[in-house]
Amino acid sequence: MISQLTVFLTNEKGRLAAACRTLSEAGINMQALFVADTADFGIVRIFCDTPRRAAAVLAEANFRATVTPVIAVSVADEPGTLASLLEFCNEASMNIEYGYCFSTAAGAAIDVLKIAGEGAEAALAEAGFKILSPEEVYVVDPS
């Protein structure tokens with residue numbers, strides 16, 4: 001599993017910028033950021049070097065932030081790989097709460113999945129899917 005920083009923001013002008021500035025001023029480096037929004041609030045998912053520290057820093061600044069365990073799967077960056085992964089999850093009766101994907105400079109795609117319940121990571125690995133460690137997804141602070 002990897003740790004994803006999840007931030008809940010009211011849908012107000014400047015809130016995303018303020019959260020990012022708060023992390024920046026604390027010396028926290030973000031490698032990836034994804035935003036989902038509704039009319040009233042946004043959910044920001046961030047990969048950063050120190051997710052637990054980032055959550056604490058944001059909480060001190062009156063943001064709602066948590067660390068969420070997710071699974072990162074590396075697949076070839078080509079048509080059909082995500083479909084194959086999701087079909088496996090469906091056949092294994094995995095409940096995917098949400099997911100998103102991004103490509104890397106190395107020509108791979110990373111599919112990030114939040115799957116309800118236990119055992120999904122082991123089942124995926126056993127089926128031959130490449131599960132990524134935190135160090136393979138984002139730069140981890142050694143301290």
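Nothing in this text is a laboratory measurement; each read-out follows from the coordinates by a stated rule. All of these numbers come straight from a predicted model, not from anything done at the bench. Glycine gets a Cβ as well: all are built from the backbone with ideal geometry, and neighbour counts include every protein chain shown.
Structure summary
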quantity: Estimated Rh, the chain: Kirkwood, alpha-carbon pairs, angstrom; calculated: 16.1
quantity: Using θ = phi - 60° and Karplus 6.51 cos²θ - 1.76 cosθ + 1.60, couplings along segment 33-50 (whole Hz; Gly, Pro as x); calculated: 9, 10, 10, 10, 10, 10, 5, 9, 8, x, 10, 10, 10, 10, 9, 9, 5, 9
quantity: Total charge dipole magnitude, the chain, about the Cα centre, Cβ charges on Lys, Arg, Asp, Glu only, Debye to nearest 20; calculated: 560
quantity: Value of Rg/Rh across segment 70-136 [Cα atoms, Kirkwood radius]; calculated: 0.93
